[in-house]
Amino acid sequence: MSTSLQTFVRTTLDLADATLHPWGHTPAGPERLDDLVAAAADPTIALWNPLATADHKAAQTWLEAREDGWDRGVGAAFATLDATDGTLLGTVNLRWTDRADGLAMIGYWFLPHARGRGLATRATRAVTTWGFHTAAARRIELAHATGNEACRVAGRCGYLPEGTLRESHLFGDGLHHDEHLHARLATDPEPRP
């Protein structure tokens, strides 16, 4: 596999009722600072996906880091926006963990008004498929705290459970939690809707 193919190139993904835009550029650029500050204050996001975006300066730094990931082709951070009114719904982030080996990691968070609609599943599936087909990812991993309901999304997206990582990550409550590890291979069949 050629490393030159293993680059994430900015694109927009259309889900009909939502659009995934690269963080860092309009409509997912500096105009979203208030949204990022609000997301950091959400208790679920603060626990399972703590964002360092508590104020505008921190949110700008976060945004610049996502843009830098796109610029270097090592990270693909998508803002999920409502297709009708442009409201921020959440994010899906794909990043290389071992670029030369085609190994990536995916993660996501969604705001309360976007939860329970199947959107996390559809957005994660879209970014997963995109990562396999356009950046030649070989394997994409998804890890989440065992207490996080993200397990359902992982299963619906075709990520098979592989085990439990004991006390593997420090979460927003200041504790190291066990995590479930899931993965999909580029050769795995697409999950049924």
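So how much slack lies between GLU162 and GLU31, counting 0.36 nm per residue of separation and subtracting their Cα-Cα distance, in nm? Write down the numbers at each step before the final one.
Values: separation 131, 0.36 × 131 = 47.16 nm, distance 3.93 nm.
This chain segment gains 43.2 nm when fully extended.
Long-range amide H contacts for VAL74: which residues qualify at under 5 Å (H placed 1.01 Å from N, peptide plane, sequence gap of 5 or more or a different chain)?
PHE8
Using the Karplus curve 6.51 cos²θ - 1.76 cosθ + 1.60 with θ = phi - 60°, what ³J(HN,Hα) values do you get for each residue of segment 101-114, in whole Hz, with x for Gly and Pro?
9, x, 9, 10, 10, 10, x, 6, 8, 9, 6, x, 6, 9
If you wrap a convex hull around the C-alpha atoms of segment 1-120 and split its volume per residue, what is the figure in Å³?
On the way: hull volume 12.9 nm³, N = 120.
Residue-normalised Cα hull volume stands at 107 Å³.
Restricting attention to the alpha-carbon atoms of segment 41-193, what are Rg (one decimal) and Dmax (integer), both in Å?
15.2, 43
Percent of accessible area on the chain owned by carbon and sulfur, 1.4 Å probe? Kindly include the intermediate steps, with their values, before the conclusion.
Values: 5060 of 9350 Å².
Roughly 54 percent of what the probe reaches on the chain is carbon or sulfur.
Just to check I understand the Karplus step: with θ = phi - 60° and J = 6.51 cos²θ - 1.76 cosθ + 1.60, what whole-Hz values come out for segment 73-88, glycine and proline as x?
x, 9, x, 10, 9, 10, 7, 9, 10, 4, 5, 8, 10, x, 4, 5
Full extension from ALA38 to LYS57: what is 0.36 nm times the residue separation minus their Cα-Cα distance, to one decimal in nm? Before the final figure, lay out the partial values.
On the way: separation 19, 0.36 × 19 = 6.84 nm, distance 1.36 nm.
5.5 nm is the gain from fully extending ALA38 to LYS57.
Any idea what the dipole of the chain comes to, in debye rounded to 20, about its Cα centre with Lys/Arg Cβ at +1 and Asp/Glu Cβ at -1?
Values: 18 positive and 24 negative charges, 111 e Å.
Using only the charged Cβ atoms, the result is roughly 540 debye.
Can you compute the radius of gyration and Dmax for segment 107-193, using only the Cα atoms, both in Å?
Expressed in Å, the Cα Rg and Dmax of segment 107-193 come to 13.4, 38.
Once you place label points 7 Å from the Cα toward the Cβ at GLU64 and ARG152, how far apart are they in nm?
Using points 7 Å along Cα→Cβ, the separation is 3.9 nm.
Tell me, what HN-Hα J-couplings in whole Hz come from the Karplus equation 6.51 cos²θ - 1.76 cosθ + 1.60 at θ = phi - 60° for each residue of segment 123-135, using x for Gly and Pro?
5, 5, 4, 4, 5, 4, 4, 4, x, 5, 7, 9, 10
I need the calculated FRET efficiency for the pair ALA100 and HIS133, taking r as the beta carbon distance and R₀ as 25 Å, to the nearest 0.05.
On the way: r = 19 Å, r/R0 = 0.76.
FRET efficiency, ALA100 to HIS133: 0.85.
State the answer as a single residue: which of THR19, GLN6, TRP62 lies farthest towards the positive end of the charge dipole of segment 1-110, with beta carbon charges of +1 for Lys and Arg and -1 for Asp and Glu, about the Cα centre.
GLN6
Suppose each label sits 7 Å from its Cα in the direction of the beta carbon; what would the THR12-LEU47 distance come out to in nanometres?
Rounded to a tenth, the inter-label distance reads 3.6 nm.
The values are calculated or read from the model by the stated rules, or taken from the named source; none is laboratory data. Bear in mind the structure is a predicted one, so any value in this text is a computation, not a measurement. With ideal geometry, Cβ positions are generated from the backbone for all residues, glycine too; neighbour counts draw on all protein chains shown. SASA here: full protein model, heavy atoms, side chains in, ligands and nucleic acids out. Shrake-Rupley method; radii C 1.70, N 1.55, O 1.52, S 1.80 Å.
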